[in-house]
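K.L.:
Dropping the structure in here first, questions after.
The values are calculated or read from the model by the stated rules, or taken from the named source; none is laboratory data. Nothing here was measured: the structure is a model prediction, and the numbers come from that model. With ideal geometry, Cβ positions are generated from the backbone for all residues, glycine too; neighbour counts draw on all protein chains shown. Each accessible area value is taken on the protein alone, full model and side chains, heavy atoms only, with ligands, DNA and RNA left out. Shrake-Rupley method; radii C 1.70, N 1.55, O 1.52, S 1.80 Å.
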Amino acid sequence: MAQVNMIVCCKQVPDPEAPPAVFKVDTAANKMTLPPDVKPVISPYDENAMEAALRIKDKAGGKITVLSLGNQLVRDVIKKPLSVGGDELVLLEDAAFEEGDSWSTACALAAAIKKIGEYDLIFCGRQAADWDAGQVGLGIAEILGIPSITIARKVEVTDGKATIERVIPDGYEVVEMEFPALITVTSELGDLRYAALKGIMAAAKKQPIIWKPADIGLDPGQVGATGRRTKLHRLFQPVKEAKCEIIEGETPAEAGANLATRLRQAKIM
Amino acid sequence: MAEYKGIVVYGELTDGKLASITTELLGCGRNLADQLKEDLSCLLASDAVGEASKEAIAFGADKVYVVEDPALKDYQSDSYIQVAEKLARDISPRAILMGQTSMGRDIAARLAFRLGVGLSTDCLDLGIDPESKLLLQTRSVYGGNAQATFSCEVMPQIVTIRPKAMTPIERDESRKGEIIATKVEIDMSKVRTKIIEKVREEVAGVKLEDASVIVSGGRGLGGPEPFNTTLKELADVLHGAVGATRPPADNGWVPEAVHIGLTGKIVAPEVYIAIAISGASQHIAGCSGSKNIIAINKDSEANIFREAKFGVVGRYEEVVPAFTRKLRELLAG
Ligand SMILES: Cc1cc2nc3c(=O)[nH]c(=O)nc-3n(C[C@H](O)[C@H](O)[C@H](O)COP(=O)(O)OP(=O)(O)OC[C@H]3O[C@@H](n4cnc5c(N)ncnc54)[C@H](O)[C@@H]3O)c2cc1C
């Protein structure tokens with residue numbers, strides 16, 4: 001089987017599974033603030049995307065280039081894909097890339113992918129866990145003029161084409177697509193494998209390739225905040241007034257029975 | 001430069017009928033079109049559209065563009081995009097509304113990038129800025145931990161809307177509208193994907209989206225078994241359906257089709273019973289429209305108690321069977 005050239009897009013985000021109560025909006029700045037103990041992570045669906053690429057590399061061999069856009073990316077976080085089998089890490093890292101939207105992000109990533117040049121498959125997570133937009137993968141595919149399949153739970157490769165199980169509302173469909181192509185991945189595909197110590201040490205030594213806007217042929221005005229198509233007016237948190245009535249009992253079982261009585265009384269059941 | 005006018009809903013059919021999300025989009029679109037004093041249109045593209053075009057009018061459309069082609073039998077982005085793009089260019093709408101559905105998630109961004117415009121996905125609310133007349137697009141962000149309002153000055157404005165976030169208008173068969181059969185040449189050489197097979201993973205019993213009671217289980221259940229016994233028994237007493245958070249679906253304890261949340265199904269039953277579910281924002285995003293959330297969790301600090309109306313703190317193994325037994329007794333009596 002021919003080796004497969006892959007690119008995986010990974011985004012660094014604040015841990016999306018931090019308790020909801022710690023997410024606080026700074027309304028003056030229109031920004032999300034999180035306490036320092038909430039650590040950044042690779043957006044979980046991007047980790048699933050990385051795993052999809054690794055499984056193909058396990059079987060067919062090939063090269064995985066990891067691509068990420070941001071500023072002041074935390075090295076321990078963003079190097080994780082290298083520690084599990086990624087071959088190269090390209091960072092679009094510059095202040096100019098900050099505060100982009102799906103449009104400016106996809107444009108920059110697509111420009112970087114053109115510069116990387118050779119690829120058979122591009123993998124992205126189905127959506128990033130901060131803005132949850134789910135647009136960047138499709139945007140890249142559209143800019144590069146390649147086909148795409150979204151929400152993949154399984155990807156297999158045979159010469160020159162990918163066979164994908166795509167999740168649909170009441171099941172899945174099996175779809176075939178020729179290279180080059182883009183795939184967005186969902187969590188059902190499986191968690192990213194753990195790094196072995198050897199991998200962690202190799203990743204620590206490996207230096208990322210860093211590109212600024214000019215390196216990918218873009219003007220700083222075309223990326224980040226100035227390259228946006230959409231304008232953010234307001235970031236806010238709707239107030240919740242829910243108050244929970246806790247039903248008690250001598251034993252948990254009695255509390256359960258009391259809950260039934262209370263719901264009946266409240267005419268909920 | 002073209003003048004951009006009117007609102008268009010890109011509709012969907014399920015099993016040959018107008019999808020409920022499309023009636024919701026028409027309800028929202030009708031309201032916006034009335035505020036702007038412009039037309040509301042609807043695109044229906046399939047191998048056979050049938051009566052759905054009349055339904056779209058009954059639910060508020062002034063015009064329905066019907067594109068029928070065997071190539072549109074099964075949704076594929078490379079074929080649908082040709083229809084979506086052509087209509088957008090031909091009628092130059094001010095705004096295109098789509099559902100945050102399997103199709104909307106797959107095609108809206110492609111269309112936006114092809115047309116060179118912005119997009120807000122998964123909107124919960126749409127308003128009109130009184131001065132600029134631009135759509136104010138409010139969507140959920142950070143997994144539901146916040147919301148954000150966006151606008152885009154480049155026309156057409158495109159949004160996808162979360163199922164059950166909007167209300168359809170009252171169906172009225174006497175409403176008048178125009179059905180416009182529209183021909184789009186679909187270039188099959190541009191369809192670069194091929195569907196080999198579709199596999200339905202049917203879930204027995206009441207459909208999740210239609211159920212008025214949902215008994216939902218989380219990672220705290222520890223395996224598939226309680227879904228088929230403890231939860232199923234409770235659901236049966238209430239004629240409800242069994243749902244789940246994402247981890248049980250990822251682990252294969254339940255079919256993906258019953259996964260509820262931001263990246264799963266959106267439900268809004270009368271009663272939502274959350275058992276061994278922590279209440280992560282991404283899960284709540286899929287069930288916050290429920291009338292009454294009831295939580296059973298052993299951890300009194302679990303976030304689910306901030307969402308629920310009633311709750312019991314305790315191990316589900318002890319709480320739920322007694323709850324089910326008492327309910328059966330009360331409902332029989
Ligand atoms: C981008 C993104 C999208 C996501 N989309 C979704 C989505 O669509 N839907 C979704 O559900 N999640 C989604 N998630 C995951 C989400 O963040 C949570 O991880 C998930 O919802 C947690 O599921 P849970 O409540 O079942 O598990 P946990 O958070 O592990 O909670 C288990 C709960 O069970 C309780 N428990 C344990 N044992 C018992 C017992 N014996 N009796 C009673 N209680 C017990 C515990 O106290 C705990 O509260 C998404 C995450 C990301 C990052």
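K.L.:
Could you go through the range B:265-281 and let me know if any residue there is within 14 Å of the ligand (Cβ to nearest atom), among the hydroxyl-bearing types (Ser, Thr, Tyr) and crowded, with 24+ Cβ neighbours inside 10 Å.
P.N.:
yes
K.L.:
Here is a follow-up. Would you confirm whether or not the range A:137-149 contains a residue that is of a type in the set (S, T, N, Q) and either within 16 Å of the ligand (Cβ to nearest atom) or more than 20 Å from B:Asp106 (Cβ to Cβ) (or both)?
P.N.:
No, there is no match, as no residue in the range A:137-149 is of a type in the set (S, T, N, Q) and either within 16 Å of the ligand (Cβ to nearest atom) or more than 20 Å from B:Asp106 (Cβ to Cβ) (or both).
K.L.:
With (1) over 25 Å from A:Trp103 (Cβ atoms); (2) modelled with pLDDT of 95 or more; (3) in contact with a Ser or Thr (Cβ under 6 Å, 6 or more places away or on another chain) as the list, and A:Glu188 as the residue in question, which single condition is left unmet?
P.N.:
(3)
K.L.:
With B:Leu13, B:Leu115 as the choices, which residue is at pLDDT 95 or above, within 14 Å of another protein chain (Cβ to nearest Cβ), within 19 Å of the chain's Cα centre (by Cα) and open to solvent by 10 Å² or more (accessible area, probe 1.4 Å)?
P.N.:
B:Leu13
K.L.:
Still on this structure, please answer the following. Looking only at the range A:101-118, count how many residues are within 21 Å of A:Pro180 (Cα to Cα) and either within 14 Å of chain B (Cβ to nearest Cβ) or surrounded by fewer than 21 Cβ atoms within 10 Å (Cβ to Cβ) (or both).
P.N.:
Counting residues in the range A:101-118 that are within 21 Å of A:Pro180 (Cα to Cα) and either within 14 Å of chain B (Cβ to nearest Cβ) or surrounded by fewer than 21 Cβ atoms within 10 Å (Cβ to Cβ) (or both) gives 12.
K.L.:
Looking only at the range A:123-145, which residues are more than 8 Å from chain B (Cβ to nearest Cβ) and closer than 22 Å to B:Ser189 by Cβ?
P.N.:
A:Leu144, A:Gly145 - these are the residues of the range A:123-145 that are more than 8 Å from chain B (Cβ to nearest Cβ) and closer than 22 Å to B:Ser189 by Cβ.
K.L.:
Can you tell me which of A:Val74, A:Val38 is of a type in the set (A, V, I, L, M) and either open to solvent by 30 Å² or more (accessible area, probe 1.4 Å) or within 16 Å of the chain's Cα centre (by Cα) (or both)?
P.N.:
The match here is A:Val74.
K.L.:
Look through the range B:251-260, keep the residues that are open to solvent by 40 Å² or more (accessible area, probe 1.4 Å) and within 11 Å of the ligand (Cβ to nearest atom), and return whichever of them is farthest from A:Gly190 (Cα to Cα).
P.N.:
B:Trp253
K.L.:
For the range B:4-71, give me every one of the strands (runs of 3 or more DSSP E) that falls completely inside it and has 1 or more residues that are within 15 Å of B:Thr160 (Cβ to Cβ).
P.N.:
Once the strands (runs of 3 or more DSSP E) in the range B:4-71 are filtered for at least 1 residues that are within 15 Å of B:Thr160 (Cβ to Cβ), what remains is B:7-10, B:40-46.
K.L.:
Taking A:Leu232 as the residue in question, decide whether it is open to solvent by less than 20 Å² (accessible area, probe 1.4 Å) and modelled with pLDDT of 95 or more.
P.N.:
So A:Leu232 fails the test.
K.L.:
Next question, about the same structure. Among the numbered criteria (1) open to solvent by less than 10 Å² (accessible area, probe 1.4 Å); (2) touching a Phe, Trp or Tyr at 6+ places or on another chain (Cβ under 7 Å); (3) more than 7 Å from chain A (Cβ to nearest Cβ); (4) among the polar types (S, T, N, Q), which single criterion is violated by B:Ser92?
P.N.:
(1)
K.L.:
Name, by its number, the condition in (1) open to solvent by 30 Å² or more (accessible area, probe 1.4 Å); (2) modelled with pLDDT of 95 or more; (3) within 7 Å of chain B (Cβ to nearest Cβ) that does not hold for A:Ala242.
P.N.:
Checking A:Ala242 against (1) open to solvent by 30 Å² or more (accessible area, probe 1.4 Å); (2) modelled with pLDDT of 95 or more; (3) within 7 Å of chain B (Cβ to nearest Cβ), the one that fails is (2).
K.L.:
Which of the following residues is of a type outside the set (A, V, I, L, M, F, W, C) and touching a Lys or Arg at 6+ places or on another chain (Cβ under 6 Å): A:Thr186, A:Thr226?
P.N.:
A:Thr186
K.L.:
How many residues does the range B:137-162 hold that are over 20 Å from the mean Cα position of the chain (by Cα) and either more than 7 Å from every other protein chain (Cβ to nearest Cβ) or in contact (Cβ under 8 Å) with a residue 60 or more places away in the chain (or both)?
P.N.:
Result for the range B:137-162: 3.
K.L.:
Check the range A:52-65 and report whether any residue there is of a type in the set (A, V, I, L, M, F, W, C) and within 16 Å of the ligand (Cβ to nearest atom).
P.N.:
no
Let's see how each residue does on (1) β-branched (Val, Ile, Thr); (2) open to solvent by less than 30 Å² (accessible area, probe 1.4 Å); (3) within 14 Å of chain A (Cβ to nearest Cβ):
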| site | (1), (2), (3) |
| --- | --- |
| B:Ala48 | no, no, no |
| B:Ala58 | no, yes, no |
| B:Leu72 | no, yes, no |
| B:Ala84 | no, yes, yes |
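K.L.:
Residues that are of a type in the set (A, V, I, L, M, F, W, C), closer than 19 Å to A:Gln127 by Cβ and near the ligand (Cβ under 9 Å from one of its atoms): does the range B:293-302 have at least one?
P.N.:
Taking every residue of the range B:293-302 in turn, none turns out to be of a type in the set (A, V, I, L, M, F, W, C), closer than 19 Å to A:Gln127 by Cβ and near the ligand (Cβ under 9 Å from one of its atoms).
K.L.:
Which ones in the range B:181-237 are open to solvent by less than 50 Å² (accessible area, probe 1.4 Å) and among the hydroxyl-bearing types (Ser, Thr, Tyr)?
P.N.:
Answer for the range B:181-237, where residues must be open to solvent by less than 50 Å² (accessible area, probe 1.4 Å) and among the hydroxyl-bearing types (Ser, Thr, Tyr): B:Thr182, B:Thr193, B:Ser216, B:Thr229, B:Thr230.
K.L.:
Here's a follow-up. Being more than 13 Å from the ligand (Cβ to nearest atom), modelled with pLDDT of 95 or more, within 28 Å of B:Asn145 (Cβ to Cβ) and not polar (S, T, N, Q) narrows it down to one residue among B:Phe305, B:Phe310; which is it?
P.N.:
Going through B:Phe305, B:Phe310 in turn, just one is more than 13 Å from the ligand (Cβ to nearest atom), modelled with pLDDT of 95 or more, within 28 Å of B:Asn145 (Cβ to Cβ) and not polar (S, T, N, Q): B:Phe310.
K.L.:
When the range A:157-176 is examined, which residues are found to be farther than 17 Å from A:Phe123 by Cβ, among the acidic types (Asp, Glu) and open to solvent by less than 40 Å² (accessible area, probe 1.4 Å)?
P.N.:
The answer is A:Glu173, and nothing else.
K.L.:
Please verify whether A:Asp132 is within 14 Å of the chain's Cα centre (by Cα) and without any contact (Cβ under 8 Å) to a residue 24 or more places away in the chain, treating the condition exactly as stated.
P.N.:
The answer is yes for A:Asp132.
K.L.:
Then there is this: Which condition number in (1) surrounded by fewer than 22 Cβ atoms within 10 Å (Cβ to Cβ); (2) more than 9 Å from chain A (Cβ to nearest Cβ); (3) within 8 Å of the ligand (Cβ to nearest atom) is the one that B:Pro248 fails?
P.N.:
(1)
K.L.:
Further question on the same structure: Please tell me if B:Asp236 is out of contact with any Leu (no Cβ under 7 Å at 6 or more places or on another chain) and free of Cβ contacts under 8 Å to residues at least 60 places away in the same chain.
P.N.:
yes
K.L.:
Exactly one condition in (1) open to solvent by 40 Å² or more (accessible area, probe 1.4 Å); (2) in contact with an Asp or Glu (Cβ under 8 Å, 6 or more places away or on another chain); (3) within 12 Å of another protein chain (Cβ to nearest Cβ) is false for A:Ser187; which is it?
P.N.:
(1)
K.L.:
Does the range B:230-245 include one or more residues that are near the ligand (Cβ under 7 Å from one of its atoms) and modelled with pLDDT of 95 or more?
P.N.:
Yes, the range B:230-245 contains at least one residue that is near the ligand (Cβ under 7 Å from one of its atoms) and modelled with pLDDT of 95 or more.
K.L.:
Something else about it: Residue check, B:Met155 against (1) more than 30 Å from A:Pro14 (Cα to Cα); (2) part of a strand (DSSP E or B), all met but one. Which one?
P.N.:
With respect to (1) more than 30 Å from A:Pro14 (Cα to Cα); (2) part of a strand (DSSP E or B), B:Met155 is out only on (2).
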